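Since the structure comes first, as structure tokens, the remarks are kept for the end.
Derivation of every value follows stated rules applied to the coordinates shown; laboratory data play no part. Quick caveat, the model's predicted, so the values are computed rather than measured. Every residue, glycine as well, gets a Cβ built from its backbone with ideal geometry; the counts of neighbours run over all protein chains shown.
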Amino acid sequence: MSHPVDKTGDWRARLFGLGFALFNSGKRFEAHEEWEAMWLDEPRGHPNRLFLQGLIQIAAAFHLAATGFPRASFRLFRSARRKLIPYAPSYKGVDVAGLLPHLDRWRERMAAVAAGRAAPATEDFLLTFGGKGWNEPSPAYAGTAEDRAIFKAFEQYSSDRQVTAPCPRCAEVLTVNGRRRAPAEDAESSWSVVCPRSCVSRAYGELRA
């Protein structure tokens, strides 16, 4: 963060909304800064943390696209898309299911720009949220030891790191979609987190035929 954060009142909801307002006015880096302040305050492994990281990476991806770094933008669109898969259809008022196809399109566009097959993108892109926004109730699953392990695995997998998150029951390392690391190029639309001993098994997203 480049400025102090006012943590009085309902500051998380305030920063959440401010991030969207900045993003939609073209100030993508500034939006990234506000959401990052929230992200830094979330405990590791909490579902809110990965969700905020996805938004942060979207803002950074658009900032890089606008400043002439399509390859880095592509990587962030890919990472943001992976991070947001578990939150469909919606989370904190954000229509995640509707957002994912747009991230697919921008990821593909940045890959084409980086390869010289397309001109730099200039069209506007807006992010919106509804309801109570940040104050929308979290799903019932949020916050348990099992959830922290699962979302830690998601965070590692979506960031192209080796998954090292242990099962909270038996300590075996979890897998995501049967792997410990995401493939370099993927179009996954669902994630399944499994413990090798079947202590934990949970799926997110829509399975593809």
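Before moving on, here are some points about what is shown:
- When Arg71, Arg117 are arranged by Cβ crowding within 10 Å, least crowded first, meaning fewest neighbours, the order is Arg117, Arg71.
- Count Lys and Arg as plus one, Asp and Glu as minus one, and take only other residues whose Cβ is under 9 Å from that of Leu103; the net charge is then +3.
- Treating r as the C-beta distance of Arg180 and Ala21 and R0 as 30 Å, the FRET efficiency rounds to 0.15.
- Working value for the chain: equivalent-ellipsoid semi-axes of 27, 23, 14 Å, each the square root of 5 times a Cα gyration tensor eigenvalue, largest first.
- Cβ-based exposure ranking for Tyr157, Tyr204, Tyr91, in which fewest neighbours within 10 Å come first: Tyr204, Tyr91, Tyr157
- Positive dipole terminus of the range 11-135, leading residue within Phe20, His32, Phe74 (C-beta point charges): Phe74
- Size-normalised alpha-carbon gyration radius of the range 11-135, reference 2.2 N^0.38 Å: 1.01
- Each residue of the range 107-124 was assigned a 3J(HN,Hα) from its phi angle through the Karplus curve 6.51 cos²θ - 1.76 cosθ + 1.60 (θ = phi - 60°); the sequence is 4, 5, 5, 5, 4, 5, 5, 4, 8, x, 9, 8, 7, x, 7, 10, 5, 6 Hz, with glycine and proline shown as x.
- Model label points for Cys170 and Phe29, set 7 angstrom from Cα along the Cα-to-Cβ axis, are 4.9 nm apart.
- D_trans [Stokes-Einstein, Kirkwood Rh over alpha-carbon pairs] for the range 1-66, 20 °C, 1.002 mPa s, µm² s⁻¹: 180 µm²/s
- Whole-Å semi-axes of the range 145-205's equivalent ellipsoid (Cα gyration tensor): 18, 12, 10
- Straight Cα distances below 28 angstrom link Lys152 to the lysines Lys7, Lys83, Lys92, Lys132, with same-chain residues fewer than 8 positions distant left out.
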